[in-house]
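Derivation of every value follows stated rules applied to the coordinates shown; laboratory data play no part. This is a predicted model, so every value here is computed, not measured. No Cβ is skipped: glycine too gets one built from the backbone with ideal geometry, and neighbour counts run over all protein chains shown.
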Amino acid sequence: MEGEDKITLDLTARERRFYDRVRSMVVRNEPGSKSGIRDLVLLLPDLTVLLIRLMRDDRVPIGAKVLAAFGVAYVLSPIDIIPDILFAPIALLDDLFVVTAALSRILNGVHPDVVRFHWSGKGDVIKLVHRLTHWAETQVVSKVPKFFRKLSPF
């Protein structure tokens, strides 16, 4: 995002403590180390924590906070598009799609440095959200109608 002004961020210790400590027990974030299966397993929690942190940030507009709240509520809700009890790990994909869609919309109105500041995961969260959104659009959204057409008796 060329031409954007950098903003100064207050790196207070309180905001990042608990989740980052727990995450560091599971995954070592050493410089130059590649993402592994543990990072993949923590992707949904990382994105959900990011939404929670964005909701609490005064620099985030109210509309973006509402989207973040929707994403968090969907993850925490027992009601899902893909039932967790029937489809176990695959059922987490709908949570991931909702969280990614919320973040994608939030990125339009929130300075990228604010989003990066709250990110606990590995790599650049902006690029990650763009990659997940692109994957969801090309691999899932385009194939869902074909899947339901195969199931339909008509």
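For the stretch 89-98, the Karplus equation 6.51 cos²θ - 1.76 cosθ + 1.60, evaluated at θ = phi - 60°, returns couplings of x, 5, 5, 6, 4, 5, 4, 4, 5, 5 Hz by residue, with Gly and Pro reported as x. Counted by neighbouring Cβ atoms within 10 Å, the residues Phe97, Phe18 run from fewest to most as Phe18, Phe97. Val125 sits among other residues whose Cβ lies under 9 Å from its own Cβ, and their net charge, with Lys and Arg +1 and Asp and Glu -1, is 0. Each label was represented as a point 7 Å from its Cα along the Cα-to-Cβ direction; for Ile79 and Ile52 these points are 2.3 nm apart. For Met25 and Arg116, the FRET efficiency from 1/(1 + (r/R0)^6), where r spans their Cβ atoms and R0 equals 35 Å, is about 0.95. The magnitude of the dipole of the stretch 50-110, with charges of +1 and -1 set on the Cβ of Lys/Arg and Asp/Glu and taken from the Cα centre, is near 320 debye. Where in the stretch 97-120 does the amide nitrogen come within less than 17 Å of the point 7 Å from the Cα of Glu137, taken along Cα to Cβ? Inside the label zone: 97-109.
By the beta-carbon count within 10 Å of each Cβ, the least crowded to most crowded order of Arg53, Arg21, Arg105, Arg59, fewest first, is Arg21, Arg59, Arg105, Arg53.
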